[in-house]
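A short worksheet on the structure shown next.
Read-outs throughout are calculated quantities, based only on the coordinates presented, and are distinct from any laboratory measurement. Remember, it's a predicted structure, so these values are computed and weren't measured experimentally. Cβ placement follows ideal geometry from the backbone for every residue including glycine, while neighbour counts extend to all protein chains displayed.
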Amino acid sequence: MSRLIEYWTDIEDDNLSHVDKMSHFLQSEFGELGADRIWSPEYFKWKLGCCNPAGKGYVSLAMVGEQVVGSISLTKKRILIDGKECLGAEIGDSYSSVSIRRRGKPLHLSKLDVNPKSYINRSVFGRLVSDVQRRAERDGVSVIYGSPNVNSYAGYTKNLNFIDADWCNNVQFIRPTCSYFKKRYASLRFLTPIFQIIEKVLVLTHSGIYSRFLNRGVVFECALPSEEMINDLWGRLKPVLGFSLIRDASYWSYRYINHPIFKYSFFKIYKNNILEGIVVTRLHVANNGRKIVSIAEWLVEDGIKFDFILLEIVNHYRKSSVDYFNFWADKSSKEGNAAKRSLFFTRQKIPIIFSSIGNSRLFLSKKPKIEVYLGNTDNV
């Protein structure tokens, strides 16, 4: 018996007219991934609508009748490339229904390629990516980046010519706690008091000595420093080479204070009333019940040891029954080396990919420094 073919059509939804249907599709088909809270209409309007200081984003959907069966988005970002400001975008929300992947066919061939056997005519994913990429390039977006999961990585790099910036060696660092080991290895519970003493001595000694001798104070609260202080710090630290988001005061306020769902906390480092660093954290519970502190991103003077920052964060959350701490960094960077000294270890490599639109391929051929923090994506 032949399988029933489902014919889908792709639509542009940059005005978010179908955002409710998109949210329902993602929550109903992929809610087990643990992101169902973030896949709300309010979240997409915040990320892709008019309140984004970089501008409205792009959405393409695959639909069978009135039902969404595939999605992709591009979120506009203000970018620095070798010190020059330009308009960029992050690609994400790339999902397609299992049923449509198995037996779906496009109702119409793409205007970009009339070959029915081409990838963008065989694949919902390929069609939607090419759709948003075409519109973004038309509107002056000069660089598109993303951090794909294992399911979409090959589609981007092998079929759509995205470039993996594998030279930046971004990895996920994690640091399990005594609470985690007590839950995970019940038979070794008798060793927990010993681990707790070692951890407490390490954290308090390291952070206490560093604070005292370098005369720096750390303030932990849910409010950002003043715009003037953040802009002054960004002005001193913004990179003149490589790839980075523009992380001035408007960025921090939009990304963390105005987020419609998640709440974040800030470690602020001062010396003589001058702001020398900001670190963003989020305490949350994963789908498996694990209690996690994600270190989303930081903007910190070079003279401050990252070991100190990590251990200050661990010490702050020590009584919160956290299972583990988590952040992204280049494995060979000073932050990566500090992580190893602070009892963090690498869990997995984080691919950072770039579309080959515009002059991106030429820029990336130089293997520039790539600054992409966990908080520069929608992973936290």
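Observations, loosely collected:
- Computed over segment 280-380: relative contact order in percent, which uses C-alpha pairs under 8 Å that are six or more apart: 30
- Each Cα pair under 8 Å and six or more residues apart adds its sequence gap; the mean of these over the residue count of the chain is a relative contact order of 20 percent.
- Summarising the amide proton neighbourhood of L109: residues at separation of 5 or more, or on other chains, whose placed amide H is nearer than 5 Å comprise an empty set.
- The alpha carbons of segment 229-332 give a radius of gyration and a Dmax of 14.6, 43 Å, in that order.
- Using the Cβ-Cβ distance between R134 and I257 with R0 set to 35 Å, the FRET efficiency works out to roughly 0.55.
- When the Cα positions of I274, F308, Q27 are compared along the charge dipole of the chain, F308 comes out farthest toward the positive end, with charges on each C-beta of Lys, Arg, Asp and Glu.
- Just so you know, the Rg over Rh for segment 39-132 is 1.05, from Cα atoms, with Rh as the Kirkwood radius.
- Computed 3J(HN,Hα) for segment 305-322, one whole-Hz value per residue from the Karplus formula 6.51 cos²θ - 1.76 cosθ + 1.60 where θ = phi - 60°, is 5, 5, 4, 4, 5, 4, 6, 5, 5, 4, 5, 4, 9, 4, 9, 9, 6, 6, glycine and proline marked x.
- Tail beyond 40 Å, pair distance distribution of the chain (Cα, percent): 20
- For segment 16-93 and segment 131-162, distance of Cα centres in Å: 14
- Distant alpha-carbon pairs in segment 6-165 (separation over 21 angstrom), percent: 45
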